1. Be a star and scan segment B:1-32 for residues whose amide nitrogen sits under 18 Å from the point 7 Å along the Cα-to-Cβ vector of B:LYS44.
2. When the dipole is taken about the Cα centre of segment B:109-250, and only Lys, Arg (+1) and Asp, Glu (-1) are charged at their Cβ, what size is it in debye, to the nearest 20?
3. Which whole-number percent gives the relative contact order of segment A:5-68, counting Cα pairs below 8 Å spaced six or more residues apart?
4. Starting from the Cα of B:LYS151, step 7 Å along the direction of its Cβ; do the same at B:CYS83; then give the gap between the two resulting points in nm.
5. Return one whole number: the accessible area per residue of chain B in Å², for a 1.4 Å probe.
6. Need one number: nm distance between label points at B:GLU13 and B:GLU236, each 7 Å from Cα along Cα→Cβ, rounded to one decimal.
7. Would you kindly find the accessible area of A:GLU66, with a 1.4 Å probe and non-protein molecules such as ligands, DNA and RNA excluded, rounding to the nearest 10 Å²?
8. Only four residue types carry charge here, +1 at the Cβ of Lys and Arg and -1 at the Cβ of Asp and Glu. Report the dipole size of segment A:5-68 about the Cα centre in Debye, rounded to the nearest 20.
Amino acid sequence: MAKGKVDINPEFCKSCEYCVVSCPKKCLAVGEKVNSKGYLYVVSANPDDCIGCAMCAQVCPEGAIEVWR
Amino acid sequence: MDKVYKRTLGIQEGVVSGFCPGCMHGTAHKLVGEVVEELGKLDKLVRVEGVGCCGLGQAYVSHDTIIAAHGRACAVATGVKRCSPDSLVYTYQGDGDLASIGLDETVSAANRGENFTVIFINNGIYGMTGGQMAPTTLIGMKATTAPFGRKAEEHGYPMHVCEVLAQLKAPQFLVRTTVDTPQNVIKTRKYIKQAFQNQIDGKGFSLVEIVTTCPTNWGFTPKDSITFLRENMLAEFPVGVYRDKDAGIE
């Protein structure tokens, strides 16, 4: 059971990958789908490893990430 | 599970910012919203913004905004704060606005110790107009108006706003920070909160300089721009507290 959960709004994501490099557990990855603006948005690739530390949300410039713990 | 991080009410719900991918303007907007939401003063918040990419924030934030003439945000904020002392006033300016055309207004407002907060975004280049050289452009850094790189003998040296203002007696709080890692984002939030708290307590001029990236005009991907920021920008613009009268740093 994962300790935390991230909810990434695909429409807000601009694929800057700041969250991907900031995640201490390497849970996040750029996905394969594009949003309406044409960006490959980030998805939670290993949701079971998420600890809900909110590092990704802190560094996200768009406020696209919400975190549960 | 409980929600531990949510989008702040300081920025509009459901609105995507106009900033480029990886632009840290978004982080700065978010932090201001979070801090003022925490202080419970969102309804009193007035934003005076300069000209440049920061103007894109007008349709992004959820509080009152005034766009001042280029560089005059500190002068306009002086008027707003003196006429309406209950308001929580901050200016949001880039380096081309605050450190170039608006340097006079900035230094004068700081010298008078005006009781408002300045959020200064330093990315070393003019973003909105397409990558011209700014006063804070690094030596050797290429810009459209310095295609062979900035030369000290021709264009002068990068402007260090915090160091310049630290020569004055009046400013209460001057700090340079960055938002490249979660740790630095948390630190920056603390500084912005202190800057707003100074204003609420009537202590005077507070300036938070945030060194940020401009991936589009630097010509990097967002990830590479963070490397450039750490290796070059932070070497020229060291982070730290330059003035904090409460802590005895003069």
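1. B:10, B:32
2. Numbers: 15 positive and 13 negative charges, 54 e Å.
The calculation lands at about 260 debye.
3. Working: 115 pairs, mean separation 28.4, N = 64.
Relative CO of segment A:5-68 lands at 44 percent.
4. Result for the modelled spin labels: 4.8 nm.
5. Details: 9810 Å² over 250 residues.
About 39 Å² of surface per residue is accessible.
6. The modelled label-to-label distance comes out at 4.3 nm.
7. 40
8. Details: 6 positive and 8 negative charges, 20 e Å.
That gives a dipole near 100 debye.
The values are calculated or read from the model by the stated rules, or taken from the named source; none is laboratory data. Remember, it's a predicted structure, so these values are computed and weren't measured experimentally. Virtual Cβ from ideal backbone geometry, glycine too; neighbours counted across all protein chains shown. Surface accessibility is based on the protein's heavy atoms, side chains included, excluding ligands, DNA and RNA. Shrake-Rupley method; radii C 1.70, N 1.55, O 1.52, S 1.80 Å.
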